[in-house]
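Quick notes on the structure that follows.
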Amino acid sequence: MTLTYVLMQNLRRNTLRVVLTAVAFALPMAVFVAAISFVVALAQISADMEKELRLGVHHKTTLTNPLPAGMRSKIEALDPDRRRIAAVCGMRWFGGRVPDTQNTLTSIAGDPDTFPLVYSDVGMTAQDIEAWQRDRRACVVGRNPVDTYGWKQGDRVTLVSTVPPYLQLEFNIVKIVENRERANFFWFRRDYLVESMKDAGVDDARCNIFWIKCKSAEGLRTLQQDIDALFANSPDETKSEDENAFVANFTQAMGNIPGLMQTMAMVVVVIVALVAGNAMMMSFRERTRELAVFKAIGFQSGRVFLIVLSESIMLAMGGALLGVVPAAVLLWLLPIRLTGIGPMIALEVTRLGVIGSMAIALCVGVVAGLWPAFQAMRLQTTDALRKVA
């Protein structure tokens, strides 16, 4: 009598209960894999942004309080030998939306000469950079708005600003960004914005933020201190922070989403542990006599322990697969767009999320089966047969 045979017989003993238990396990695990994949994806994006060594400099009080465009040259003057600074790009928020829609795009105007250097991770080729510098209406667009509105490279698109003076501008798409960290962005040239504002009677070349591409992590840290010290006690006091810290401010403004997802994942683990533990205790109580018979015909205590524990693990892993696989397939076929949540383009089930979910299921199966298995191992044959008979 093999272990596999015994396990299959036990699982077929009460098919309805096994199916209901598996479903009760599968539903929370589907939520778990989505939640943990979200957290893993944010962590990966954060790690990728950290490698870019970008430092953001904005007004100390609020990002909406613009800074003089001339601050760029002052920042560059802090590193005349270019040992710490690769490039500085002044940027201004445009907040454009596609006409006849209500969705505001993360549309930002940047200095045309340094944008390709500061945002080298968008993957602009020499041809893309040439097109960007040649056409003052050039724009670089992330994958999310491209897919949402059916745009393609070379298209002419129109955005209406949601901030004064409420301009309506036309752009030519010269680059579509496949980088997932930049999936929700729409960049265009700041000189085009400044000229358009002048045409509308507004002479304002100020920037909301200056992004600095640093050459080393040490350079980033020292620049952060030097820049804030340079503009201290002035009308334009600055706050310098790395890109991760800057993005975290916006994420926290929408609520602690990563923390919420982590809490949800922990609650799910507790739920599935209770489900598995209850199922195994019920199974043990129903099979006390059978386990006693096993020991009576020569099964060693260790083998009885292994039978009960293996059944718990099989039930947990089977239920996890029943939840994880459909969730992964469903999110692959029908991705959930995350236009307003940080840099992510869509909620996707990551490989690490699947592996983590299965590892959690394995741990839950072991923990839920340990006590019933231990009781089965300590079971006294004569007492068990007398008690059940």
Considering only residues that are among the hydroxyl-bearing types (S, T, Y) and out of contact with any Lys or Arg (no Cβ under 8 Å at 6 or more places or on another chain), which ones fall in the range 187-239? S196, S234
Kindly provide the set of residues from the range 46-67 that are within 15 Å of Y119 (Cα to Cα) and part of a helix (DSSP H, G or I), ordered by number. D48, M49, E50, K51
Does at least one position in the range 207-223 carry a residue that is among the basic types (K, R), modelled with pLDDT under 95 and buried (at least 18 other Cβ atoms within 10 Å of the Cβ)? no
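Of all residues in the range 87-139, which are part of a loop (DSSP other than H, G, I, E, B) and buried (at least 21 other Cβ atoms within 10 Å of the Cβ)?
Going through the range 87-139, the residues part of a loop (DSSP other than H, G, I, E, B) turn out to be 94-95, 98-103, 105, 111-114, 119, 123-125, 135-137.
Once the filter is applied, which keeps residues that are part of a loop (DSSP other than H, G, I, E, B) and buried (at least 21 other Cβ atoms within 10 Å of the Cβ), the range 87-139 yields F94, L105, D111, Y119.
The values are calculated or read from the model by the stated rules, or taken from the named source; none is laboratory data. Owing to the predicted nature of the structure, the values given are computational and were not obtained by experimental measurement. Glycine gets a Cβ as well: all are built from the backbone with ideal geometry, and neighbour counts include every protein chain shown.
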